[in-house]
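The values are calculated or read from the model by the stated rules, or taken from the named source; none is laboratory data. Keep in mind that this is a model prediction, so the values were computed, not measured. Note: ideal-geometry Cβ built from the backbone for every residue, glycine included; neighbour counts use all protein chains shown. The protein model used for the area step is the full one, side chains on, heavy atoms only, and it has no ligands, DNA or RNA in it. Shrake-Rupley method; radii C 1.70, N 1.55, O 1.52, S 1.80 Å.
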Amino acid sequence: MKQKLKLNTIFSAAFGAALSYYGFTPVLRSRFAIPVVFTVLALIMLLVVLNIIFNNGNSYQNGRRKLFFIAFAAGFLLGFFSLTAARRAAILRFGLPDNEITGIAGQLLDDPRSSTSGRGLATLNLNESAGHGGVRTSAKGHITVFFTEEAMPRLKEFGRGSKVFVEGNFITAKNGLLFKAKSTHITAPPSSLNALRTKLRRGLTSIFNNERWGGLALALLLGIKDNLDGEMAERYRDAGCSYILALSGMHLAIVSSIVAFLLKKPLGVRPATIIGALFIVLYIYLVGAQPSLVRAGIAALLGALALFCSFPTSALHLLALSFLTQLVIDPGSGGTISFILSYLALAGILIFGEPVDGVIKGRLPEFISKPLSASLGAFLATMAVTAVFFGNLRVAGIIAGLVMVPLTTVFMITSIVFLAVQIIPPLAAIMEKPFEFTLSLLYMMLEKIAAFAASLPALPVKNFYIFMAVSCFLPFFTSFLCGWYVKNRNIVKSFIK
């Protein structure tokens, strides 16, 4: 189905939310935040009133314009309050001065992750801080803790949700305070549900642990990158294909498509849709609420709801509604690079990818033209943000992704079937070698392609401001140019002079 960007209430609300969330960060730091926000809202409402008073045109059109303004104002408020909530959650509160704190206590919010050096890190939801002489006070906020190598096996055994007391000291980084642990004590186990989740993750990890390709399988299926070869991860990054390793819509679509394929025939469309939606929730819970995966999950659930209710919708509507929903349920995720790139990339595919596809369609086979136009659309939409965060552009990733994404899809499906085969020991004994050979071959191919793409030079960002201006203008100019070309190409000249 063709996606067309039309002004409507959902897009108006999403635009308002994005404008306030990302545009008012500096304003929010000042004491003029509330007056500025309400001044903007007053101007919007004034425009609505003036539109009603002086516009004597079509009443239906007037009503629509008024609705767009109201939706924009509501989205603007939603973005502002989400940004406020995110900033409040980021504030650390201790009952003692930072330099007097010798220990902190709290609950692990995510799964402890190991680094290449052996040390680990995780986010702690604080509830207590300790100082010299046994002084203890309450604390509040989320802080990243660096754990010692010796503490990691025990932390991974208990996993997310467990309560810990950490002795050490604060260190200052670019993104704020971090805590460097010297010793770690587990004070309470996680809930039964979290314990079951950790046990399942550890069981799946043990299946892939001894395989050379196992680290990649764990990264793609469960988001566990502890066992992923460091060089492999660097090659993906330098090739401009690190998005393949970040769990998102592609990964969720592969896993959920297998479930839908197995359930659709025996159960029918609607029961399969309900079970598929439940599976998506359970899968995200098992993997962890990564922003890009949550975005894909929300969109998939909204799409399933629309299908179940026979309500017509489009991918762009789902994207805008997912954006608003995710800002409400997890305001802090809006500021992460994963969140920003995830939404921009999909918006680029839907908005800019289609005009590009109109130009190259027919000149290349469809199995090449479709992924290429999608890759170009995503690249155009994300190039400005990529330049800000990474300082260069990996153009080779546009072409490398055309080969690596299909190979990764086959690798994931084969890994899932390999897991399923392990349930039946006699079948596993017969099929283990063929699967290992296939997965090893796919891994080697991905490794070689990533290494070649990584060896190609990146496009440096020399004049930052000029580059930002060009990168913001280029996507829309390309879209306009492609649309103009397709429109004029399809015009048939009159035979009558």
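The distance from the alpha carbon centre of the range 463-490 to that of the range 349-407 is 14 Å, rounded to a whole number. Need the C-alpha centroid separation for the range 147-208 versus the range 273-326, integer Å. A separation of 29 Å, based on Cα centres. Computed about the Cα centre, the dipole magnitude for the chain is approximately 1480 debye when only Lys and Arg (+1) and Asp and Glu (-1) carry charge, each at its Cβ. Across all directions, the shadow cast by the convex hull of the range 126-260 built on its C-alpha atoms averages 11.2 square nanometres. Within the P(r) computed for the chain, what percentage of the Cα pairs occupies the region above 41 Å? For the chain, the fraction of Cα-Cα distances above 41 Å is 28 percent.
Most tightly packed first, judged by the mean number of other beta-carbon atoms within 10 Å of their residues, the peptides 387-396, 362-371 read 387-396, 362-371. Modelled spin-label separation between residue 177 and residue 337, with each label point placed 7 Å from Cα along the Cα-to-Cβ direction: 2.5 nm. Compactness of the range 253-341 is given as radius of gyration and Dmax, 13.6, 43 Å, from Cα positions. Give me D for the range 186-309 in µm² s⁻¹, whole number, from Stokes-Einstein with Rh from the Kirkwood sum over alpha-carbon pairs, 25 °C and 0.890 mPa s. Calculated translational D: 153 µm²/s. Semi-axis lengths, largest first, of the ellipsoid equivalent to the range 338-477 are 36, 18, 14 Å, with √(5λ) applied to each eigenvalue of the Cα gyration tensor. Extending 7 Å from Cα along the Cβ direction at residue 8 and again at residue 423 yields two label points whose distance is 4.0 nm. If you sort 231, 354 by accessible surface, 1.4 Å probe, largest first, the order is 231, 354. Solvent-accessible surface (1.4 Å probe) assigned to residue 242 amounts to roughly 60 Å².
Accessible area of residue 489 (1.4 Å probe, protein heavy atoms only, ligands and nucleic acids ignored): about 90 Å². Residue 404 contributes about 0 Å² of solvent-accessible surface, heavy atoms of the protein only, 1.4 Å probe.
The alpha-carbon positions of the range 157-226 define a convex hull whose volume is 135 Å³ per residue. Dividing the helix sum by the residues of the chain, where each DSSP H run of 4 or more adds -39500 (n - 2.57), gives a mean residue ellipticity at 222 nm of -21500 deg cm²/dmol.
Which stretch or stretches of the range 85-122 have amide N atoms under 11 Å from the point lying 7 Å from residue 169's Cα along the Cα→Cβ direction? Only 99-102 pass the distance filter. Pairs of Cα atoms under 8 Å, at least six residues apart: use those to get the relative contact order of the chain, whole percent. The value is 12 percent.
Taking every DSSP bridge with both residues inside the chain, close to 95 percent are antiparallel. The residues packed around residue 145, meaning those with a beta-carbon under 12 Å from its beta-carbon, carry a net charge of +2 if Lys and Arg are +1 and Asp and Glu are -1. Taken about its Cα centre, the range 98-249 carries a charge dipole of about 340 debye when Lys and Arg each add +1 at the Cβ and Asp and Glu each add -1 at the Cβ.
Among 243, 285, the order of accessible area from largest down is 243, 285, computed with a 1.4 Å probe on protein heavy atoms. Say the dipole of the chain comes from +1 at the beta carbon of Lys and Arg and -1 at that of Asp and Glu; which of 276, 233, 407 then lies farthest toward its positive end? Positive-end residue among those listed: 276. Relative contact order of the range 184-314, taken over Cα pairs closer than 8 Å and 6 or more residues apart, is 19 percent.
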